[in-house]
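To start, the structure itself, in structure tokens.
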Amino acid sequence: MFNSELMKKLSDCFGPSGREKMIRELIIDEIKDYADEITIDPLGNLIARKKGDGKKILFSAHMDQIGLMVTHVDEKGFLRFANVGGLNAKELPGLRMVFADGHEGVICCEELKENEKLTTSKLFLDVASTDKEFIKKNFRIGDMCVFKSDYYETDDCVICKAADDRVGCYILIEAIKNHPSTDNDVYYVFSVQEEVGCRGAKTAGYSIDPDIAVAVDVTATGDTPDGIKMDVKLGGGAAIKLKDNSLITHPLVKDLLTDLAEKNKIKYQYEILEFGGTDAGPIHTSREGVPSGVISIPTRNLHTSGEIFNKSDVEECVKLLIAAAGE
Ligand code: CO
Ligand code: ZN
């Protein structure tokens, strides 16, 4: 059964890249009774281990979400900002944002001249106050904010923010809670700073030095009217990645995941993403190289405040990850 309460908690928790403390604490609280060992590395990666003498396996899902960082506060109290992660300026006007301390703002746009392009430099945040003391006290450059939007579910799907990659964190949490009996030495990594270039995965891959690695992250779909030509759809099951811009899945891992899906009657589909990358990118080129792959969750509207995924796809991903932990 899909655990809506856990998914909502993960989605609602504040944690843009480089500011993962709150989401890390939430996840520790969730898994502390299930891991044999929990460590936090110097960059902030959360590493939960299920000990064994066998094969060393690394699973990775990133904790961070995309957001904005304040770059300037003007005399009237309007804030200018820069992206933290891949955001499209065109999709921002009108959106509500929330800071770590709960303060909010709405993204507004300067009037554009004819044919002028909408860029982030034309946007500003109105934090709903004319009180200069309040602004000065509560907003400084370097502060970060994230989308504010409500979690919503239908019978089969979820709309929420930061499904990228809190749904991946959800899958790792469910897998560690249902970890199979095995000799494998399994490291569940909740990584930092994926959205700004998989920086956490780079150090975690190096320090763990695994025999095999699987990242768990969202991927785009080709089943909407927006015209991406892609062979992945909501409800099609766990997506086994074959390629993206950071990785060509190692044949060993592709075959392993495919065989496990077939053997355990897990619904799956193959995925080729023609843009983007995941934690598996830096991990597979770590040290002498690590055979790596990705289990992807088909997700619409990536990097917006309303990402949409299918609950049964997530459950298939959980089953596949558990099977991989025991193989
Ligand atoms: Co992302
Ligand atoms: Zn992601």
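Contact annotation: residue pairs with Cβ atoms under 6 Å, 6 or more positions apart or on different chains, pairing a residue in region 90-101 that is of a type in the set (A, V, I, L, M) with a partner that is open to solvent by less than 60 Å² (accessible area, probe 1.4 Å) and part of a loop (DSSP other than H, G, I, E, B), are L95/S305; A100/F14.
Taking region 226-257 on its own, how many of its residues are in a helix (DSSP H, G or I) and either surrounded by 14 or more Cβ atoms within 10 Å (Cβ to Cβ) or of a type in the set (G, A, S) (or both)? Going through region 226-257 one residue at a time, the tally reaches 4.
Test R24 against the stated conditions and say whether it is open to solvent by 30 Å² or more (accessible area, probe 1.4 Å), touching a residue at least 12 places away in the same chain (Cβ under 8 Å) and outside any strand (DSSP E or B). Answer is yes for this residue. Can you tell me which residue is farthest from the chain's Cα centre (by Cα) among those in region 165-191 that are outside any helix (DSSP H, G or I) and within 16 Å of ligand 2 (Cβ to nearest atom)? Per the stated criteria, the residue is V189. Residues in region 192-225 that are open to solvent by less than 20 Å² (accessible area, probe 1.4 Å) and in a helix (DSSP H, G or I) were compared, and the one that is farthest from L247 (Cα to Cα) is I208. Out of everything in region 167-187 that is among the small types (G, A, S) and open to solvent by less than 10 Å² (accessible area, probe 1.4 Å), what residue ends up being farthest from ligand 1 (Cβ to nearest atom)? In this case the residue turns out to be A175.
How many of the residues in region 97-146 are open to solvent by 40 Å² or more (accessible area, probe 1.4 Å) and either in contact with a Ser or Thr (Cβ under 7 Å, 6 or more places away or on another chain) or outside the structural domain of F81 (by TED's automatic domain parsing) (or both)? Number satisfying all stated conditions: 1. Residues considered: L43, L58. Of these, the only one that is in a loop (DSSP other than H, G, I, E, B), surrounded by 14 or more Cβ atoms within 10 Å (Cβ to Cβ) and in the same structural domain as K202 (by TED's automatic domain parsing) is L43.
Please go through region 275-301 and give me each residue that is within 29 Å of T154 (Cβ to Cβ) and open to solvent by 50 Å² or more (accessible area, probe 1.4 Å), ordered by number. Across region 275-301, the qualifying residues are F275, R300, N301. Restricting M63, M69 to residues that are more than 16 Å from ligand 2 (Cβ to nearest atom) and touching a residue at least 24 places away in the same chain (Cβ under 8 Å) narrows the list to M69.
Of all the residues in region 302-327, those that are open to solvent by 30 Å² or more (accessible area, probe 1.4 Å) and of a type outside the set (S, T, N, Q) number 8.
Looking only at region 71-96, count how many residues are in a strand (DSSP E or B) and surrounded by 16 or more Cβ atoms within 10 Å (Cβ to Cβ).
Qualifying residue count for the region: 6.
The set of residues in region 70-112 being modelled with pLDDT under 95 and of a type in the set (S, T, N, Q) consists of N88 alone.
What about E271, is it acidic (D, E), more than 16 Å from ligand 1 (Cβ to nearest atom) and at pLDDT 95 or above? It is false that E271 is acidic (D, E), more than 16 Å from ligand 1 (Cβ to nearest atom) and at pLDDT 95 or above. For region 212-235, name all the residues that are of a type in the set (G, A, S) and either within 20 Å of the chain's Cα centre (by Cα) or under 16 Å from C157 (Cβ atoms) (or both). If the condition is that a residue be of a type in the set (G, A, S) and either within 20 Å of the chain's Cα centre (by Cα) or under 16 Å from C157 (Cβ atoms) (or both), then A213, A215, A220, G222, G235 are the ones that fit.
The values are calculated or read from the model by the stated rules, or taken from the named source; none is laboratory data. Just so it is clear, the structure is predicted and the values come from calculations on it, not from any experiment. FYI the Cβ positions are ideal-geometry reconstructions off the backbone, even for glycines, and counts take in every protein chain you see. The accessibility values were calculated without ligands, DNA or RNA, using every heavy atom of the protein model including side chains. Shrake-Rupley method; radii C 1.70, N 1.55, O 1.52, S 1.80 Å.
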